[in-house]
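S.K.: Before I ask anything, here is the structure I am working with.
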Amino acid sequence: MSNHFTGLNLGPPLGDQRLDLCDLYAFQSPNDPARTVIILNANPNADALHPDAIYRLNIDNDGDCLTDIALSYVFSPPHNGKQTVDVFMAKGSESHSPEAVGTKIISAAEVSFGAKPNIVKAGNYTFFAGIRSDAFFFDYDGIKALFDTSGGRNFTAPHLGNKSPWTGVDSNTEANIFSMVIELPTSELNPKPEIGIWGRCSVRENGKLVHADRAGHPSVSSFFNTDETKLEFNASEPVNDRKRWTEQFIHLLGHTGNYTREEAIAAIDDHRLLPDMLYFNPLKPAKYPNGRVFTDDVINFRLAFLTKDECPHDGLKPHTDTLKEFPYLGTPHAKTS
């Protein structure tokens, strides 16, 4: 659940798991520090991705919160257990289009549904799409106990009593995820010195693209939105975040951690939560909030922020099946009947 659920009812965007963006990672390649790895995960059911959707990485490299580079992933309809994907790269003004535009850098790459990853190399790009072991770790039952969504409550009203909510069970030890992994020269991203990254999933309905989900900071969309605001938040753009969402974030922090207005504003600014983008300076080691790696304990990080360090640690450890080589996420778990 960096964003494995959305809003109070725990449901996926537009009721379709294929449209659910779950995690966004960015880090230096462990084998070549001059290259950057960006991973966008979707669909915790890990079966296939939506053929009428555009899965997209937006990259801002000049600090104006607008897209300067767009990587768009477009999937074919699944057929006989197979699916392919095209990858487009757009730069400059062309990247502002929500459509999959620009240069097609990878064409009809076979999606991996088995244990062996199909790794595609094209020029300076290395790419993978398919099912992998989910690296995200969290205590889902503990989250539900902590926030008790019964009776219309939402994730912003934690129950911090004397009894710990945590079960000690990692809900994702056998979970798979549908992953899109790209590695490319950092110089092509042109960081100055950092980049801001956000994922976007848009689906075509009645000929029009509908922005169904987005991903920036881990767990921000999940915890800070209600059912009434999640659709608008997921459809909005980072450049408008501070004006549109600051007051809601201040209000919610007042409930979760008894923040004063001044304390909430300072905390939002200190954590750079708005605009909701994952920032990455490749000249510094990757560790959230500078990029994100698989060992980052983003749930405890976020709960500490929400509750002003009052929430007990859940005690979970990172997964140990991740890889030091591309595509970095581990071999998918076998399906159980």
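S.K.: From 250, 197, grab the single residue that is of a type in the set (Val, Ile, Thr) and not in a strand (DSSP E or B).
M.R.: Result: 250 is the single residue among 250, 197 that is of a type in the set (Val, Ile, Thr) and not in a strand (DSSP E or B).
S.K.: Does residue 95 fit the bill of being modelled with pLDDT of 95 or more, small (Gly, Ala, Ser) and closer than 19 Å to residue 216 by Cα?
M.R.: yes
S.K.: Mind checking which residues of region 32-72 are touching a strand residue (DSSP E or B) at 6+ places or on another chain (Cβ under 8 Å), without any contact (Cβ under 8 Å) to a residue 40 or more places away in the chain and more than 21 Å from residue 132 (Cα to Cα)?
M.R.: 67, 70
S.K.: Out of the residues in region 23-47 that are at pLDDT below 95 and of a type outside the set (S, T, N, Q), state the one that is nearest to residue 236 (Cα to Cα).
M.R.: 44
S.K.: Kindly indicate whether residue 138 is of a type in the set (Phe, Trp, Tyr), open to solvent by 60 Å² or more (accessible area, probe 1.4 Å) and under 24 Å from residue 327 (Cα atoms).
M.R.: no
S.K.: Would you call residue 79 closer than 28 Å to residue 115 by Cα, open to solvent by 30 Å² or more (accessible area, probe 1.4 Å) and free of Cβ contacts under 8 Å to residues at least 60 places away in the same chain?
M.R.: Considered against the rule, which asks whether it is closer than 28 Å to residue 115 by Cα, open to solvent by 30 Å² or more (accessible area, probe 1.4 Å) and free of Cβ contacts under 8 Å to residues at least 60 places away in the same chain, residue 79 comes out as yes.
S.K.: Sticking with this structure for a sec: Step by step: first the residues of region 282-326, then only those that are polar (S, T, N, Q) and in contact with a strand residue (DSSP E or B) (Cβ under 9 Å, 6 or more places away or on another chain), then the one that is least open to solvent (accessible area, probe 1.4 Å). Which residue is that?
M.R.: It comes out as 290.
S.K.: Ok, one more. Does region 82-93 hold any residues that are closer than 13 Å to residue 68 by Cβ and either in contact with a strand residue (DSSP E or B) (Cβ under 7 Å, 6 or more places away or on another chain) or open to solvent by 90 Å² or more (accessible area, probe 1.4 Å) (or both), and which are they?
M.R.: 89, 90, 91, 93
S.K.: For region 1-19, which residues satisfy the criterion of being touching a helix residue (DSSP H, G or I) at 6+ places or on another chain (Cβ under 8 Å) and either at pLDDT 95 or above or of a type in the set (Ser, Thr, Tyr) (or both)?
M.R.: 2, 6, 19, listed by residue number.
S.K.: On the basis of being acidic (Asp, Glu), surrounded by 15 or more Cβ atoms within 10 Å (Cβ to Cβ) and more than 21 Å from the chain's Cα centre (by Cα), does residue 263 make the cut?
M.R.: When the stated conditions are applied, residue 263 passes them.
S.K.: Also: Cβ contacts < 9 Å: first residue more than 21 Å from residue 298 (Cβ to Cβ) and among the aliphatic types (A, V, I, L, M), restricted to region 17-31; second residue open to solvent by less than 10 Å² (accessible area, probe 1.4 Å) and assigned to a loop (DSSP other than H, G, I, E, B), any location; separation 6+ or different chain. Result?
M.R.: From residues that are more than 21 Å from residue 298 (Cβ to Cβ) and among the aliphatic types (A, V, I, L, M), the pairs are 19/43; 19/49.
S.K.: Under 6 Å between Cβ atoms, which residue pairs at least 6 apart in sequence (or on different chains) link something in region 156-167 that is closer than 14 Å to residue 299 by Cβ and without any contact (Cβ under 8 Å) to a residue 60 or more places away in the chain with a partner that is in a loop (DSSP other than H, G, I, E, B) and open to solvent by less than 70 Å² (accessible area, probe 1.4 Å)?
M.R.: That search, which allows pairs on different chains as well, returns 167/139.
S.K.: What are the residues in region 26-46 that are at positive phi and of a type in the set (A, V, I, L, M), if any?
M.R.: Once the filter is applied, which keeps residues that are at positive phi and of a type in the set (A, V, I, L, M), region 26-46 yields only 46.
S.K.: With respect to the numbered conditions (1) touching a Lys or Arg at 6+ places or on another chain (Cβ under 7 Å); (2) surrounded by 17 or more Cβ atoms within 10 Å (Cβ to Cβ); (3) over 21 Å from residue 221 (Cα atoms), which one is the sole condition not fulfilled by residue 30?
M.R.: Exception for residue 30: condition (2).
S.K.: Take residue 53 and tell me if it is farther than 12 Å from residue 179 by Cα, at pLDDT 95 or above, open to solvent by less than 10 Å² (accessible area, probe 1.4 Å) and among the small types (Gly, Ala, Ser).
M.R.: yes
The values are calculated or read from the model by the stated rules, or taken from the named source; none is laboratory data. Since the model is a prediction, treat every value here as computed from it, not as a measurement. In this analysis, Cβ positions are derived from the backbone assuming ideal geometry, glycine residues included, and neighbour counts consider all displayed protein chains. Side chains included, ligands, DNA and RNA excluded: accessible areas come from the protein's heavy atoms. Shrake-Rupley method; radii C 1.70, N 1.55, O 1.52, S 1.80 Å.
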